[in-house]
Amino acid sequence: MATTHAAPTAGANGCKAKSAMNSKNFGATFAPGFTINVNANKTNNGVAASANGSGANGRSSAEALLPAPEFTSPAQVRNYCNSLRAAAVTLSIEVAMGAEIMKGVLAAVPDPEGRPFGSRARAAKVARKLQKSADALRDAAKNAAACYSTFQQQYEEEINRVRHRARRPQQPVMNWAQQ
């Protein structure tokens, strides 16, 4: 039994039917396998900022990123280093994105001397400084993590001495030989 195939019909705007276009790999588009969500909401961990830039407890928004620098226990050292690392990583990403956006915006400004690619060169020169700031923030995150690691190495004896004291006392062992 023979089957007949209907020819694709043209739509009102002269386009062929979608199934005819998809039957071959013509007109394939690039669609990356990931999405990027950018949120522009500015919050400081639930602390409302006032008009002068200070939070509810009188600390500025920059100070709200880190805990108070109190280093009276290994937990506080770890907390401070982890908070610094997390803040520096986040800021590094934000500044790197800002550098790329700045490069794109400034590249659209025409070169006053009319040089080919002159506007791109000027934009890259300006944005390079912002990218160096992002690199420095990334290095700050690495150094914050290394700080806690070095602290553990340098004060290993003191940390272990306290850890042993903090353990539960062992249960007495039954000595069957003693009667």
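So here's what we get for this one:
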item: Condition check for Ile101: within 14 Å of the chain's Cα centre (by Cα), assigned to a helix (DSSP H, G or I) and hydrophobic (A, V, I, L, M, F, W, C); result: no
item: Single match in Lys129, Lys142, Lys125 (criterion: out of contact with any helix residue (DSSP H, G or I) (no Cβ under 6 Å at 6 or more places or on another chain), under 22 Å from Leu66 (Cα atoms), open to solvent by 80 Å² or more (accessible area, probe 1.4 Å) and in a helix (DSSP H, G or I)); result: Lys142
item: Filter pass, Ser149 being exposed (fewer than 12 other Cβ atoms within 10 Å of the Cβ), under 30 Å from Phe71 (Cα atoms), modelled with pLDDT of 90 or more and not basic (Lys, Arg); result: yes
item: In region 89-120, residue nearest to Leu65 (Cα to Cα) [restricted to those that are of a type outside the set (D, E, K, R), exposed (fewer than 15 other Cβ atoms within 10 Å of the Cβ) and at pLDDT 90 or above]; result: Thr90
item: Which numbered condition Glu156 misses (of (1) open to solvent by 80 Å² or more (accessible area, probe 1.4 Å); (2) on the phi > 0 side of the Ramachandran plot); result: (2)
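Table: residues versus (1) touching a residue at least 12 places away in the same chain (Cβ under 8 Å); (2) within 15 Å of Arg78 (Cα to Cα).
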site: Ser92; (1), (2): yes, no
site: Glu100; (1), (2): yes, no
site: Val109; (1), (2): yes, no
site: Pro116; (1), (2): no, no
site: Ala127; (1), (2): yes, no
site: Phe151; (1), (2): yes, yes
site: Gln154; (1), (2): no, yes
site: Arg161; (1), (2): no, no
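The values are calculated or read from the model by the stated rules, or taken from the named source; none is laboratory data. As the structure is a prediction and not an experimental result, all values here were calculated from the model. Here the Cβ is made from the backbone with ideal geometry for all residues, glycine too, and neighbour counts use every protein chain on show. Areas reflect the complete protein model, heavy atoms only, side chains present, ligands, DNA and RNA absent. Shrake-Rupley method; radii C 1.70, N 1.55, O 1.52, S 1.80 Å.
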